Structure formats: C-alpha cells, structure tokens
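> Sharing a structure with you now.
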Amino acid sequence: MTDPISDADFRTLAAFRRQLRGFLRFSETAAAGQGLTPQQHQALLAIRGSKARALSVGELADALLLRPHSASELASRLETLGLVRRLDDAEDGRRRVIAATERGETLLTALSETHREELRRLRPLLIGLLEDL
C-alpha cells in the first residue's frame, strides 16, 4: 500500500508540472527563433540523437509518437528547408533513411546548446522537486 498524497505532494506535483511546461515554452520559443516548429526541432533532435544519426520514416514516427504518414510529411518539409536529406541505408539498400544535412546539424547544435544551458539552470530546482515527493 502506498502512502496517501499530501497537500505538499500536490503542491510539488503542480510546481514540477509548471517547470516542465515552462521548459517546453522555452523550447518552442527557441525553435521559432530559428525558424522551426517545435515538431521540426524534435525531429532533427531524434535523428541526430539516434545511434546511426539517421532514421527511417517509421523510426521517426515512433520517436515522435506520430503516424508514419505524418512523419513522412514532416521529413518532406524538413527536406524542403534543406535541413535533412533522404539516403539509402548503408546496411540495407532497400531501405531509405532520413539524415540531417550540414545546415540542419548547425541549426540543431545552436538550439541544443541553449537547451542544455536552460536544463542546467533548471537542474537544481527539478531535482529538489523530485526529492520532495
């Protein structure tokens, strides 16, 4: 049996959720400042963060919790912006993958630097909130 949720727990949960939403707003604003939608930023991050630094449309859909058709459209928009390119998979020539272009990598690096700074700023607060639960 778990302990009951106290008034302090509710306050902590509310504060934690507020901080998460604040970070998401920060992220959306930073992406917009680089001419990207939050979903485009997340797609670039998922691609760059993958082990192979490239994802199939299905893998991108899984990473972003999208349907494959929506992920394909997102990849096409990023391709039009010159931020990704579609390539034959080096391991399986029947498969196509999406990889960031040099321009996409440069833009993502700038965004990721600001995000890392913000998370480092928030770290003590978030850890403190988690420890209060």
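> Place a point 7 Å from the Cα of Glu113 along the Cα-to-Cβ direction; which residues of segment 1-42 have their backbone N under 18 Å from it?
27, 30-36
> Can you give the extra length, in nm with one decimal, that the chain gains between Asp88 and Arg53 once fully stretched, where that is 0.36 nm per residue apart less the Cα-Cα distance?
Values: separation 35, 0.36 × 35 = 12.60 nm, distance 1.33 nm.
So the chain would gain 11.3 nm between Asp88 and Arg53.
> What value does segment 1-61 have for Rg/Rh, both radii from Cα atoms and Rh as Kirkwood defines it?
Rounded to two decimals, Rg over Rh is 1.22.
> Would you kindly state how much longer the chain becomes between Arg77 and Leu122 on full extension, computed as 0.36 nm times their sequence separation minus their alpha carbon distance, in nm to one decimal? Provide the component values of the computation, followed by the final result.
Numbers: separation 45, 0.36 × 45 = 16.20 nm, distance 3.23 nm.
Difference between extended and current length: 13.0 nm.
> I'd like the distance between the alpha-carbon centres of segment 1-74 and segment 81-133, rounded to an integer number of Å.
Computed from Cα coordinates, the inter-centre distance equals 11 Å.
> Keeping all protein chains in place, calculate the accessible area per residue for segment 48-133 (probe 1.4 angstrom), answer in Å². The partial results should precede the final answer.
Numbers: 5750 Å² over 86 residues.
Counting only protein heavy atoms, the per-residue value for segment 48-133 is 67 Å².
> Projecting each Cα onto the charge dipole of the chain (Lys/Arg +1, Asp/Glu -1 at the beta carbon, about the Cα centre), which of Leu107, Leu130, Gln39 comes out farthest on the positive side?
Of the options given, the answer is Leu107.
> Can you give the FRET efficiency for Arg67 and Thr29, using 1/(1 + (r/R0)^6), R0 = 35 Å, r = Cβ-Cβ distance, to the nearest 0.05?
0.80
> Okay, next question. Once every DSSP H run of n ≥ 4 in the chain is given -39500 (n - 2.57) and the sum is divided by its residues, what mean residue ellipticity at 222 nm do you get, rounded to the nearest 500 deg cm²/dmol?
Details: 5 runs with 91 residues, N = 133.
Roughly -23000 deg cm²/dmol at 222 nm, from the helical runs in the chain.
> Return the sequence-ordered ³J(HN,Hα) values of segment 30-47 in whole Hz as given by the Karplus equation 6.51 cos²θ - 1.76 cosθ + 1.60 applied to θ = phi - 60°, using x for Gly and Pro.
5, 4, 4, x, 9, x, 10, 7, x, 5, 5, 4, 4, 5, 4, 5, 5, 5
> Arg21 versus Ser6, label points 7 Å from Cα toward the beta carbon: distance in nm?
Label-label distance for Arg21 and Ser6, simple model: 2.5 nm.
> Determine by what factor the alpha-carbon radius of gyration of the chain differs from 2.2 N^0.38 Å, reporting the quotient.
The reported ratio for this selection is 1.30.
The values are calculated or read from the model by the stated rules, or taken from the named source; none is laboratory data. What you see is a predicted model; the values in this text were computed from it and never measured. When we count neighbours, we look across all protein chains shown, and the Cβ atoms used for this are built from the backbone with ideal geometry, even at glycine. Surface accessibility is based on the protein's heavy atoms, side chains included, excluding ligands, DNA and RNA. Shrake-Rupley method; radii C 1.70, N 1.55, O 1.52, S 1.80 Å.
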